[in-house]
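Input: a single structure, listed below in structure tokens.
Every read-out reported here was derived from the displayed coordinates using simple, explicitly stated rules and does not represent laboratory data. Computed from a predicted structure; not experimentally measured. Heads up, the Cβs are rebuilt from the backbone with ideal geometry, glycines too, and the neighbour counts pull from every protein chain shown.
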Amino acid sequence: MKPTENGITMTPAILVTGGAGYVGSHTVTTLLERQSGQEFEIVVVDNLSNAYRSEGQKKPESLRIIEEITNKTIHFYELDIRDADALSKVFETHNVECVIHFAALKAVGESVEKPLEYYQANIGGTCTLMETMRKYGVFKLIYSSSCTVYGEPERLPLDEGHPTGRGLTSPYGKSKYFCEEIMKDLSISDKKWKIISLRYFNPVGAHRSGRIGEDPAGIPNNLMPFIAQVAVGRLSELKVFGNDYPTPDGTGVRDYIHVEDLAEGHVKAMKLFQQPGFSGFHAINLGTGTGYSVLEMVAAFKAASGKDIPYRIIGRRAGDIATNYSDVALSHKLLGWRAVKTLEDMCADTWRWQSKNPNGFKTS
Ligand code: UFG
């Protein structure tokens, strides 16, 4: 049953799982920035496994700061999406219209060490979420997927018709692929489902205010937060994983996309739900279509921050590919969206966040 108050349907709500994390928090911000009044409520559920909450606070720092930036309220529930009872209560309390599903474990290396934990959290969590959605008659879902589903590229740029699931090297990557397959099966079994799987390339950057950004626990696995922590003096040098790839300077090439562009892509994707006749499973890339090498990223960050970024070339990292970048045609066509922020914006905004908050949210 949809919740109603005195027979009047309550304000529609967008449920955001994992909304306290990096991409989730930026998407919540953009959703709130895009609404003039109270067209819909934002309801975030998060188990805080990768988000910081200050002592005595109910909400994690990321959400508290978003409320300050936007002057709007976020409904927050600390829960794990595998807890079907807790999740059901959220659907009974709010008039959930659609779900944006970010909640997942995402460290590639850790997933090799802990495959069961990854499959349980990412696949088990997604299944419980979709079961609960079905129970409450909610069939609109935006899924946080990854270009990792394409595996080793057979051709570039990577278009959505490129095969998926081949040669995936980590349980993390496989979990994203398996979830997409489950969603395809589900949308075939019941035409009510409208599922959009957004395949992110490499999200970087931070909100332009510098007040929220990526705050990885421990030593960062990904390039951009690592460079940022070297620039701010938390880490001494960057280790570049190989300079013998078949790329112009020998280092890995990726399609880095500003997290605010990525967030806007989610807002545009939600509009697809309103199109008459839209149904089924749709995978859409979110990238810029341009690749930059590790050394180009280092140079751009040095220019944006004015800081030296010492680095040392070491051997390749297991499972890494030489090059990937996206074909952006489908996102232009279906979403009317394109990334507008430059590499300079990505570095400048990351630096604003990192230099204002050298220890991440803990010092905010
Ligand atoms: N790199 C370094 N040193 C580092 C970290 C990264 O040289 O300390 C290099 C990598 O070898 C790669 C590039 O920087 O060439 C980007 O590496 P990231 O770890 O930032 O990103 P990946 O492309 O490896 O991984 C990202 C996401 C994953 C996703 C994957 C899909 O983080 O979640 O894309 O390709 F699965």
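Pull up the cross-link candidates among the aspartates and glutamates for residue 191, meaning alpha carbon to alpha carbon under 19 Å and not fewer than 8 places away within one chain.
Within the straight-line limit of under 19 Å, residue 191 reaches these aspartates and glutamates: 97, 131, 180, 181.
Give, in nm to one decimal, the length gained when the segment between residue 184 and residue 134 is fully stretched (0.36 nm per residue of separation minus the Cα-Cα distance).
16.5 nm
Measuring from centroid to centroid over Cα atoms, what is the spacing of region 199-241 and region 248-274 in Å?
17 Å
Mind putting a number on the dipole of the chain about its Cα centre? Charges go on the C-beta only, +1 for Lys and Arg and -1 for Asp and Glu, and I need it in Debye to the nearest 20.
180 debye
Under 15 Å from the Cβ of residue 31, count the other residues' Cβ atoms, weight Lys and Arg +1, Asp and Glu -1, and hand me the total.
Surrounding charge for residue 31 is -3.
Using the structure shown, select from 2/72; 302/362; 194/271 the pairs with a Cα to Cα distance greater than 18 angstrom.
2/72; 302/362
Mind pulling the angle between the C-alpha long axis of helix 22-34 and the longest principal axis of the chain? Nearest 10 degrees, somewhere in 0 to 90.
Long axis of 22-34 versus the principal axis of the chain: about 60 degrees.
Using Cα pairs closer than 8 Å and at least 6 residues apart in sequence, work out the relative contact order for the chain, in percent.
That works out to 19 percent.
Of 262, 337, 204, whose Cα points farthest to the positive end of the dipole of region 12-356 (charges on the beta-carbon: +1 Lys, Arg; -1 Asp, Glu; origin at the Cα centre)?
Of the candidates, 337 comes out farthest on the positive side.
Could you give the angle, 0 to 90 degrees to the nearest 10, between helix 125-135's Cα long axis and the longest principal axis of the Cα atoms of the chain?
20 degrees
Just to confirm the number: angle between the C-alpha axis of helix 294-305 and the first principal axis of the chain, 0 to 90 degrees, nearest 10?
80 degrees
How big is the gap, in Å, between the Cα center of region 1-61 and the Cα center of region 153-170?
Value for the Cα centre distance between the two parts: 33 Å.
Quickly estimate the mean residue ellipticity at 222 nm for the chain, helices only: each DSSP H run with n ≥ 4 gives -39500 (n - 2.57), and the total goes over all residues, rounded to 500.
Per the formula, -10000 deg cm²/dmol.
Work out the FRET efficiency for residue 268 and residue 191 from their Cβ-Cβ distance, taking R0 = 25 Å, and round it to the nearest 0.05.
0.60
Among 75, 94, 332, which comes first, second and so on when ranked by fewest other beta-carbon atoms within 10 Å?
Ranking 75, 94, 332 by Cβ neighbours within 10 Å, fewest first, gives 332, 75, 94.
When 1/r is averaged over all different Cα pairs and the result inverted, which Kirkwood radius in Å belongs to the chain?
Answer for the chain: a Kirkwood hydrodynamic radius of 20.9 Å.
Express in nm, to one decimal, how much length is gained between residue 217 and residue 359 on full extension, taking 0.36 nm for each residue of separation and deducting their alpha carbon distance.
Using 0.36 nm per residue and subtracting the Cα-Cα distance, I get 50.1 nm.
Greater than 25 Å separation of Cα atoms is the criterion. Which listed pairs, 140/184; 59/174; 59/192, meet it?
59/174; 59/192
On a full-extension model of 0.36 nm per residue, what is the gain between residue 117 and residue 8, subtracting their alpha-carbon distance, rounded to one decimal in nm?
Taking residue 117 through residue 8 to full extension adds about 35.0 nm, to one decimal.
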